[in-house]
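**Student:** Can you keep this structure in mind? I'll have questions shortly.
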There are 2 protein chains.
Amino acid sequence: MKLDDAAARLEALGNPTRLKIYRTLVRAGQEGLPVGRLQVKLDAAASTLSHHIKTLVIVGLVTQTRDGTTLVCRANYGLMRELLDYMVEECCADSEGSCAPVAVPRVA
Amino acid sequence: MKLDDAAARLEALGNPTRLKIYRTLVRAGQEGLPVGRLQVKLDAAASTLSHHIKTLVIVGLVTQTRDGTTLVCRANYGLMRELLDYMVEECCADSEGSCAPVAVPRVA
DNA sequence: ACAGTATTTCTATATTTCTGGAAATATAGT
DNA sequence: ACTATATTTCCAGAAATATAGAAATACTGT
C-alpha cells in the first residue's frame, strides 16, 4: 500500500461520523446494510450521510451494490486488513535492538 | 477505546506528513528519534513538523522525552495495538452468518 | 406516464486544517 | 552573561472539510 493511499484511508476513518458508519458496517458482516438503515441507526441528515459514505467508498473501505431502490453498503475487510498491516509494517527495521512492540489482532 | 478518541487518532495518522513521521518512528523502534533527525529525514519546515508531532503527541500515539536540548520522539506501540483492535472490534456482532473477515497482524 | 421511496448532487456557510516565516523559549557550554 | 543549537509558539493566508436544506436522479410498482 502506498503512503498517500494509507493516509487517505486513515483520514476517511478519522471522522467520528464516518468511523461510526464504518464500525456499524463491520458489525453488520458480509450481508451489509442499506444506506437507509444506516441513516436511521446514526440519525444523520441524508445528504451528510451520503457524503460520508461516498468518502469511504472512494478510498475503498466500503463497497456498494444496488438492490432495487436500496443501496447496500459493506465493509471491505480485505482492505482493512491491508491497512492494519501497513501501519505496523517494517516495525523496528531501523532499530538495533529486538522488536516486540506491536501485535495486530487475528480473526479467523 | 472511545469512538471519539479512536477517530482523533485515526485523523492524526490520516495526513501524509504525519503518517510518514509515525512510520519513521515505528521503524526506529524503542530508542526513538530526535525531532531534528526527523526534520532532516522528512525535509519539512521546523514549525510545520513541530505542529504535526504535537498532534501525534496529543492523541497519544507518540511520546517525547527530553535529552539535553534534543527532544526524543517514540511511537507508542501499546496504543497503536489498542487502535488496531478497536477497528475490528465486534466484527460481525450483528450478523447471522459466520465471521471470518479480518485478521489483525501479530508481531512478537 | 405517474406516484412513491431511496439516495445523491447542488449549493452555501461555518469551521478547521495545513503550511511556514518570524519571534520566542529551552538547554548547554564557555 | 553570552553564544549556539534545538524546538516551539505566534501569526496569517490559502485551502479543505463538515453540515444540511433543496432540488435532482434512480428505481419500482401500478
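**Student:** Which GluC sites (Glu not before Pro) in segment B:1-95 sit in a loop by DSSP (not H, G, I, E or B) and have at most 16 other Cβ atoms within 10 Å of their own Cβ?
**Tutor:** Sparse-neighbourhood loop GluC sites (Glu not before Pro): B:Glu31, B:Glu89, B:Glu90.
**Student:** In nm, give the distance between the simple-model label positions of A:Asp43 and B:Arg37, each being 7 Å from the Cα along the Cα-to-Cβ direction.
**Tutor:** 5.0
**Student:** Under a Cβ-only charge scheme (Lys and Arg +1, Asp and Glu -1), can you give me the dipole magnitude of chain A about the Cα centre, in debye to the nearest 20?
**Tutor:** 740
**Student:** Can you return the aspartates and glutamates within cross-link range of A:Lys2? Criterion is Cα-Cα under 13 Å, with same-chain partners fewer than 8 residues away left out.
**Tutor:** Result set, ordered by chain and number: A:Glu82, A:Asp85, A:Glu89.
**Student:** Let me ask something additional. Please report, to one decimal in angstroms, the Kirkwood hydrodynamic radius of the protein assembly as shown built from all distinct Cα-Cα pairs.
**Tutor:** 18.0
**Student:** Which one, A:Leu33, A:Leu19, A:Leu56, projects farthest toward the positive side of the charge dipole computed for chain A from Cβ point charges (K/R +1, D/E -1)?
**Tutor:** Value: A:Leu33.
**Student:** Continuing with the same structure: Which whole-number percent is the relative contact order of chain B (Cα, under 8 Å, 6+ apart)?
**Tutor:** 27
**Student:** Starting from the amide H of A:Val62, placed 1.01 Å from N in the peptide plane, find each other amide H under 5 Å away whose residue is 5 or more places distant or on another chain.
**Tutor:** Result for A:Val62 returns A:Val57, A:Asn76.
**Student:** Measuring nothing but label to label, 7 Å from Cα along Cα→Cβ, what are B:Glu90's distances to the other copies in nm, shortest first?
**Tutor:** In nanometres, ordered from closest: 3.6.
**Student:** Given label points at 7 Å from Cα along Cα→Cβ, what nm distances, shortest first, separate A:Lys54 from the same residue in every other copy?
**Tutor:** Computed spacing set for this position: 3.4 nm.
**Student:** Can you list the residues, at least 5 places off or on another chain, whose amide H is less than 5 Å from the amide H of A:Leu71, using H built in the peptide plane?
**Tutor:** Under 5 Å from the amide H of A:Leu71: A:Val35, A:Gly36.
**Student:** Among the trypsin sites (Lys or Arg not before Pro) in segment A:1-104, which ones are in a DSSP loop with at most 10 other Cβ atoms within 10 Å of the Cβ? Mind listing them?
**Tutor:** Passing sites in segment A:1-104 are A:Lys2.
**Student:** Between A:Leu3 and the same site in the other copies, what are the distances in nm, shortest first, taking label points 7 Å from Cα along the C-beta direction?
**Tutor:** Result for A:Leu3, in nm, nearest copy first: 3.3.
**Student:** At a Cα cut-off below 18 Å, give the lysines reachable from B:Lys54, other chains included and same-chain residues fewer than 8 away excluded.
**Tutor:** Counting by Cα, and skipping residues close in sequence, B:Lys54 has these lysines nearby: B:Lys20, B:Lys41.
**Student:** I want to make sure I understand the PRE zone here: with the label point 7 angstrom from the Cα of B:Met1 toward its beta carbon, which residues in segment B:49-70 have backbone N atoms less than 16 Å away?
**Tutor:** B:56-63
**Student:** Rounded, prolate or oblate: which one fits segment B:14-54, using the alpha carbon gyration tensor with axes a ≥ b ≥ c (rounded when a/c is under 1.5, else prolate when a/b beats b/c, else oblate)?
**Tutor:** Cα axes put segment B:14-54 in the oblate bin.
None of the figures in this text is laboratory data; all of them are computed from the coordinates on show. Keep in mind that what you see is a predicted model, and the values were worked out from it rather than measured. Reconstructed Cβ throughout: ideal geometry from the backbone, glycine too, with neighbour counts over all protein chains shown.
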